[in-house]
1. So, in region B:30-51, how many residues would count as being of a type outside the set (Phe, Trp, Tyr), surrounded by fewer than 10 Cβ atoms within 10 Å (Cβ to Cβ) and either at pLDDT 90 or above or more than 30 Å from B:Ser207 (Cα to Cα) (or both)?
2. Which of the residues spanning region A:57-76 are facing another protein chain (nearest Cβ under 9 Å) and over 14 Å from the mean Cα position of the chain (by Cα)?
3. What helices (runs of 4 or more DSSP H) lie completely within region B:138-236 and have 1 or more residues being within 14 Å of chain A (Cβ to nearest Cβ) and hydrophobic (A, V, I, L, M, F, W, C)?
4. Test of understanding: among B:Gly164, B:Gly188, B:Gly209, which residue is at positive phi and surrounded by fewer than 19 Cβ atoms within 10 Å (Cβ to Cβ)?
5. Please verify whether region B:31-47 includes one or more residues that are assigned to a helix (DSSP H, G or I), among the aliphatic types (A, V, I, L, M) and farther than 23 Å from B:Phe191 by Cβ.
6. With the structure loaded, tell me whether B:Pro104 is modelled with pLDDT under 90 and either exposed (fewer than 14 other Cβ atoms within 10 Å of the Cβ) or of a type outside the set (Asp, Glu) (or both) or whether it fails that test.
7. Since B:Val94 meets every condition but one in (1) within 11 Å of another protein chain (Cβ to nearest Cβ); (2) loosely packed, with under 12 Cβ neighbours inside 10 Å; (3) within 23 Å of A:Ala53 (Cβ to Cβ); (4) β-branched (Val, Ile, Thr), which condition does it not meet?
Amino acid sequence: MDDVLIVITLLLVAASATAAVAVRDPVRQALVLSLLGLTLAALFTVLQAPDVALSQLAVGTALTPLLLTLAVRKVHRRPHTRDDGRGGETTGSTESAGAIESAAAKERGE
Amino acid sequence: MSRRLRMWVLALGLAGLAALLGAACFELPDFGGDQHPYGDRAVRAALSHHTANVVSSVNFDLRALDTLGEESILFGAVLGTVVLLRQTRDERHVEPAPARVSPPVRRYALYALPVTLVVGLYVVAHGQLSPGGGFQGGVVAATALHLLYIAVDYRALRRIRPVGRYEVADAAGEAAFVVLGAAAMLGGSAFLANSLLPYGEFNTLASGGTVPLLNAAIGMEVASAVVVLLARFLDQAVEIEESPKPPSTPTSRE
């Protein structure tokens, strides 16, 4: 019974971790990261480490996604102060990283 | 360095890592075995100091110095965030507009806030008895306050959260840990040794010697650190905005 639970939670962790990498939009990624934190907390509980599970729940499920979404909001707020036609519709994280870089380059006056 | 060469270096590193990890895995004890030499000793040491939660005993008694290091990392990280995310000269402060919150969200968040806060404080207070402790409970209590941002708006959150005081509490929690450690030295023992207070009756709130005090110091430090951290991020996301560039000072190098 224990082994079945461990295998199930391990599979859930693997699935949500893969999803966190596969999803490219940073906001969705934060949500999937929250789900990953939840599955990890379940895994730690099943492995009889409730202290670690509590930390994982507090930091991985609540705090980190919150900080990420706040950072994304800050980055998306930037373009509409300038009229460079980027309305914040970012489809990929590499693309948005490039956008941030070019915005930063503009900032420095290059 | 060409791309090809870099790939070779990467492949070499990965192969080495895989070989070492593979070799290490074959030497590991079997999963779920009943031989736990470190666990047995930790449990014995925790019981001899009347600490019911062995993990707290490891964190705040047996390896309290490691916890001091971890706490200092968090302290330093928050300090760095405060410095990096301050309002710079070319940014301006925008008063956030009151936001409309849908009634079910408001109701849920306002009910959840006191419950979450009490759960966080409970977890901190019972760190020496049950799973959890200053770190876990501190994060829960700190995030609980931010339900007010979800329930009402940013100005309401700002009113119950004077960041300056939380910064002081953050530093005080960090200092309290060091002072408690030094007090053990003054008492004629090693730094952070659990020798100051009587161990008390097993499985009561006042048991475990200095473990509950160090645990409370961590709780205060972590809760304040998370509040300050989120305050800086929220300020950036909600209040601080780039000033429109004045046209009189061209910065272009072209």
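1. Summing the residues that are of a type outside the set (Phe, Trp, Tyr), surrounded by fewer than 10 Cβ atoms within 10 Å (Cβ to Cβ) and either at pLDDT 90 or above or more than 30 Å from B:Ser207 (Cα to Cα) (or both) in region B:30-51 gives 3.
2. Of everything in region A:57-76, those that are facing another protein chain (nearest Cβ under 9 Å) and over 14 Å from the mean Cα position of the chain (by Cα) turn out to be A:Leu57, A:Ala58, A:Lys74.
3. On the way: elements: B:147-151, B:154-159, B:163-186, B:211-234.
Qualifying helices (runs of 4 or more DSSP H): B:147-151, B:154-159, B:211-234.
4. Selected residue: B:Gly188, the only one of B:Gly164, B:Gly188, B:Gly209 that is at positive phi and surrounded by fewer than 19 Cβ atoms within 10 Å (Cβ to Cβ).
5. Yes: region B:31-47 contains one or more residues that are assigned to a helix (DSSP H, G or I), among the aliphatic types (A, V, I, L, M) and farther than 23 Å from B:Phe191 by Cβ.
6. no
7. Single failed check for B:Val94: (3).
The values are calculated or read from the model by the stated rules, or taken from the named source; none is laboratory data. Since we're looking at a predicted model, the values are computed, not measured. Every residue, glycine among them, receives a Cβ derived from its backbone with ideal geometry; neighbour counts consider all protein chains shown.
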